[in-house]
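Derivation of every value follows stated rules applied to the coordinates shown; laboratory data play no part. Remember, it's a predicted structure, so these values are computed and weren't measured experimentally. Here Cβ is always computed from backbone atoms with ideal geometry, including for glycine, and neighbour counts include all displayed protein chains.
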Amino acid sequence: MIHCEGLVKIYKTADLEVFALQGLDLHIEDGELMAIIGNSGSGKSTLLNMLGGLDRPTAGKLIVDGKDMLKFTERDLVRYKRKSVGFVWQNNARNLIPYLTAQENVELPILLTGSRKRWRAKELLDAVGLSHRANSKLYQLSGGEQQRVAIAIALANHPKLLLADEPTGSVDSKMSNQILDLFRELNRSLGITIVIVTHDPELAKKVDRVAAIRDGKISSEMLRRRSYAEELAELDQEEQSHVE
Ligand code: ADP
Ligand code: MG
């Protein structure tokens, strides 16, 4: 699904160059749920922004869905962002509107983007376990519930890839566990590939694979458990052999 090889990102400001990614290699399979950990400033957000087409790499290889992103036109980038990717940020709730209901908050961006292939707000709230709060005003929801609304919005365009940058940074540990459980569930029920950037080592324990970044490079990788995609492939094979 995603293949990075020797990925480089240099930010140029008036008086200095920042080497945010310095030859990063990473391969992400379709259907994986993975975490990226690393110290502040190590390049995690930069990587996520590249994967999501929010910014372009300076050099290297970045293949998404078999296509080379460095060769994307502006139009390709816009289309990719719109059709294939959902984003969740730490302070997503800030972009929500307190005096609208949860459902209205989800409906609004769907209306604005006017995408044809879209989910209904109600189904989305159901997918994130919030249907019972659909008619509550956003300000009446807890921090964790607001983050769920933000996740519902991120799913509205049927993304193949969900990118979450410190999605539990502003909620307590019980809540962040619940949010991680939700990501697992979405990964399994919808088959979405999910990449979560996190500081939280507890969170990183619950995903399929963890990659650590140091100084703009992957410094270690650990397989936690078999991904859902692999489990499914195995089931398929078993079925095949039954048929034979
Ligand atoms: P992390 O998310 O791991 O904290 P970032 O990817 O945000 O790290 O940043 C990596 C490095 O790139 C840092 O040194 C940061 O200051 C720098 N950086 C990030 N974004 C920009 C930008 N838009 N312009 C200049 N430097 C940036
Ligand atoms: Mg960051």
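Ordering Phe72, Phe87 from the fewest to the most neighbouring beta carbons within 10 Å gives Phe72, Phe87. A 24 angstrom limit on the alpha carbon distance is what I want to check against. Which of Lys12/Lys61; Lys9/Lys174; Lys122/Lys160; Lys12/Lys71; Lys174/Lys206; Lys137/Lys206 exceed it? Over 24 Å Cα-Cα: Lys9/Lys174; Lys137/Lys206. The residue list Leu51, Asn135, Leu26 was ranked by how far each Cα lies along the charge dipole of the chain toward its positive end, using unit charges on Cβ atoms, and Asn135 comes out on top. On the beta carbon distance between Ala14 and Asn39, with R0 = 22 Å, the FRET formula returns roughly 0.25. Once both labels are positioned 7 Å from their Cα atoms along Cα-to-Cβ, the gap between Arg75 and Tyr139 label points is 4.5 nm.
Bridging of Lys83 to aspartates and glutamates at a Cα separation below 13 Å is possible for Asp65, once same-chain residues fewer than 8 apart are set aside. With R₀ fixed at 25 Å, the C-beta to C-beta distance from Asp215 to Asp30 puts the FRET efficiency at about 0.30. Of the residues Val78, Val197, Val88, the one that moves most in a GNM of the chain with alpha-carbon contacts below 10 Å is Val78. Taking the Cβ of Ile97 as the centre, find all other residues whose Cβ is under 12 Å away and add up their charges (Lys, Arg: +1; Asp, Glu: -1). So the surrounding residues net to 0. Counted over the chain, the DSSP beta bridges are approximately 55% antiparallel. Cβ crowding within 10 Å ranks Thr13, Thr58, Thr168 as Thr13, Thr58, Thr168, fewest other Cβ atoms first.
Tell me, what is the Rg over Rh of the stretch 115-192, with Rh the Kirkwood radius over Cα pairs?
With Rh from the inverse mean 1/r over Cα pairs, Rg/Rh is 0.94.
Treating each Cα of the chain as one equal point scatterer and applying the Debye formula with no solvent, the log10 of I(q)/I(0) at q = 0.11, 0.17 Å⁻¹ comes out as -0.60, -1.32.
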